[in-house]
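Structure first, then comments.
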Amino acid sequence: MNAKELILLDLKETRRRFLKAVDGIPDEYLPWKPDAGALSIGHMIRHVLLHDYSWFMILTEQRLPTEEEKNPLWEVPYTSVQDEITHSSIYHEQFISYVESLDIADFASKLIQWPHRPIERYLGDALERKSYHDAVHTGQLLQYLRMLQLDRPDIWD
């Protein structure tokens with residue numbers, strides 16, 4: 001496998017395992033959070049699923065979505081885990097399609113500047129960080145399930 005194939009595998013596997021982790025969460029737990037400063041289950045699910053939209057904007061337009069672009073996506077009430085997955089799937093497909101279209105040489109030569117932080121990384125590194133971000137939140141959600149004494153799926157298939 002080359003670098004592009006490995007990064008795509010990582011992005012897809014991270015998403016698959018995240019979806020496996022959230023699949024069994026009862027919808028009535030979407031507002032739950034362990035403390036006042038934490039993300040709710042619904043917020044964390046939406047944050048991860050819509051992360052693809054933000055990353056697509058960073059990679060293609062070197063910016064984050066504007067408030068006008070974000071509000072229709074982020075400000076709707078949480079209704080169900082399945083609705084969150086359904087409404088965000090187009091952004092994941094768009095993001096993966098974009099990564100598939102990239103030239104492998106860009107992974108080690110194209111610099112990506114975070115628009116909201118003084119961070120600059122090569123494209124391959126940036127994409128791995130995106131995957132890591134999603135994996136961290138998968139672990140947080142599994143911990144939430146442990147705290148709620150709900151069944152936790154085995155994501156290590």
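Relative to the longest principal axis of the Cα atoms of the chain, the long axis of helix 51-61 makes an angle of roughly 20 degrees.
Between Y122 and I112, the built amide H atoms are under 5 Å apart, and every one of these is 5 or more places off in sequence or on another chain.
Compared with the dominant Cα axis of the chain, that is its longest principal axis, helix 81-101 is turned about 10°. Every helix of 4 or more DSSP H residues in the chain counts as -39500 (n - 2.57), and over all residues that averages to -20500 deg cm²/dmol at 222 nm. 3J(HN,Hα) along the range 64-71: 8, x, 6, 4, 5, 6, 6, 3 Hz, from the Karplus curve 6.51 cos²θ - 1.76 cosθ + 1.60 with θ = phi - 60°, whole Hz, x for Gly and Pro. Between the C-alpha center of the range 100-126 and that of the range 42-83 there is a gap of 20 Å.
Peptides 68-78, 50-60 ranked from most to least packed by the mean count of surrounding Cβ atoms within 10 Å: 50-60, 68-78. The loop-placed trypsin sites (Lys or Arg not before Pro) in the range 104-149, going by DSSP, include none that has at most 12 neighbouring Cβ atoms within 10 Å of its Cβ.
Since every read-out is calculated from the coordinates, none of them should be taken as a lab result. Since this is a predicted model, take the numbers as computed values, not measurements. For neighbour counting, all protein chains shown are included, and Cβ atoms are generated from backbone atoms with ideal geometry for every residue, glycine included.
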